[in-house]
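What follows draws every value from the coordinates through simple rules; no lab data is involved. Please read these numbers as outputs of a predicted model, since none were measured by experiment. No Cβ is skipped: glycine too gets one built from the backbone with ideal geometry, and neighbour counts run over all protein chains shown.
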Amino acid sequence: MLENSGVRDSELSVETANSTQDRSSMSTDIDSICSTSFTRLSFDLFPTPPSPESGSSVSLKPHRSSDFVNSATFRRRCSKLTFRDFHLLRRIGQGDIGTVYLCRLRNTLDEEDDVSNRLYAMKVVDKNAIAMKKKAQRAETERKILKMLDHPFLPTLYAELDASNFSCIVMEFCSGGDLHSLRHKHPHNRFSLTTARFYAAEVLLALEYLHMLGIIYRDLKPENVLVRSDGHIMLSDFDLSFCSDSIPTVQSSDCFQDTPALPYTRPLINPFSCFSNKAFRSRKVQTVQPDRLFVAEPVDARSCSFVGTHEYVSPEVAAGGSHGNAVDWWSFGVFIYELIYGRTPFAAPSNEATLRNIVKKPLTFPTATPSSALERHARDLISLLLNKEPAQRLGSKRGAAEVKKHPFFKGINMALIRTVTPPDVPGLRRRKTTPLCNAEGFESSSIRKLTSTTSFDYYF
């Protein structure tokens, strides 16, 4: 799942394990408590095998015919996996509530070769440590959400394991790193407009699915957008999310009123359809009016928790007020801005100054005029998303349905975006494997130079 995630710091410290400067962190917890001992994490040291109840019981949801979860051998083993079935290779990330390790299944004599060679991301949580930090609910929230997800741009949960005082979830490994580190490999630390648009479109689809489930993400940033080996993205880290209700409706594109029924007109011709009209026998499939939008947005969701990443929090959060689904659309605007311009729009030397800018400072761009029509559309979209009034913010009422209609995404077939070749297809990048006894220093010097964001959380 993770591949170079930043470490969340403590007591307003600006030091992290993989960066020399932390641009936003605000937590009153002591992260050293959550730094899991590698000796304690030797699964072979457990005196007795875990009980059958501690094994995995998740259902696997492949999205491609080539997905590894189709393997009969893996499906057979998944129902009875334990810690001892995995070999930990190295630490690849650490968060506020757990540590992520690269691992693979141990070999057995009757096993297919691809089963033992497949890499996974294992997030290990020390239950005693997060209990001391009063963050057990966050770990449970993330586990609950991962069980709900079934989307190509969101994580696949392969297994859940519990033994001794450790809780573990096994997910897919993303070999391409995250968009924060990938951005720093491009000229001027920013993506081209077309590249930024591609990643923004895939993130938009992931946010749409989450909001349909009633999940407010609340931690969107490039560090949490991972890149799979095929170049497509995957959102990660759901411990700051919260769940609400989302009621699906069909609305007119000209007003915000729900429509009780669908009027039908002449058949529509879709140039991107995978099927000919002859394949559809239902009149309803062919005759929905083009001005109708399917909307499933948790517009009534409210929370008073002060959570997020400083440069990405919305004005209502920065001001200490309650918030709802609109916070994700604000973060989406900051996300697009950073991909295109290489920085966030309200960053300041201190976290306090950053929050003041978010509340009071008007949005500005690096240059007075856009260089192209596409950049003009990008600036318009960013301006609509970064409206300081949540009720007037693009997406706050009808979510992704209205965001996708913006001219910035014109020409992108959202339904078939997975068939598009991504701008960067990393494949599986070979990295030096660090023994567990020395995993503290696994980050390369180039990664240490990157400035990564970290999240804070205050619950009321």
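With the charge dipole of the range 132-254 set up from +1 on Lys and Arg Cβ and -1 on Asp and Glu Cβ about the Cα centre, the Cα lying farthest toward the positive end among the listed residues LEU149, LEU182, PHE166 is that of LEU182.
List the residues whose amide H sits under 5 Å from the amide H of ILE92, counting only those 5 or more places along or on another chain, with H placed 1.01 Å from N in the peptide plane. Hits under the 5 Å cutoff: VAL100, TYR101, LEU102. Take the Cβ-Cβ distance between VAL250 and ASN117 as r, set R0 to 51 Å, and report the resulting FRET efficiency rounded to the nearest 0.05. Result of the calculation: an efficiency of 0.65.
On the beta carbon distance between THR419 and THR364, with R0 = 41 Å, the FRET formula returns roughly 0.65.
Ranked by how many other Cβ atoms sit within 10 Å of their own Cβ, fewest first, the residues CYS174, CYS304, CYS243 fall in the order CYS304, CYS243, CYS174. Taken one residue at a time, the phi angles of the range 242-247 give Karplus couplings (6.51, -1.76, 1.60, θ = phi - 60°) of 9, 9, 9, 10, 10, 9 Hz. Gly and Pro are set to x.
Measuring between alpha carbons in the structure, the pairs from LYS80/LYS144; LYS127/LYS185; LYS134/LYS388; LYS134/LYS361; LYS144/LYS360 lying more than 30 angstrom apart are LYS127/LYS185; LYS134/LYS388; LYS134/LYS361; LYS144/LYS360. Panel order for PHE332, PHE242, by other beta carbons found within 10 Å of each beta carbon, from fewest to most: PHE242, PHE332.
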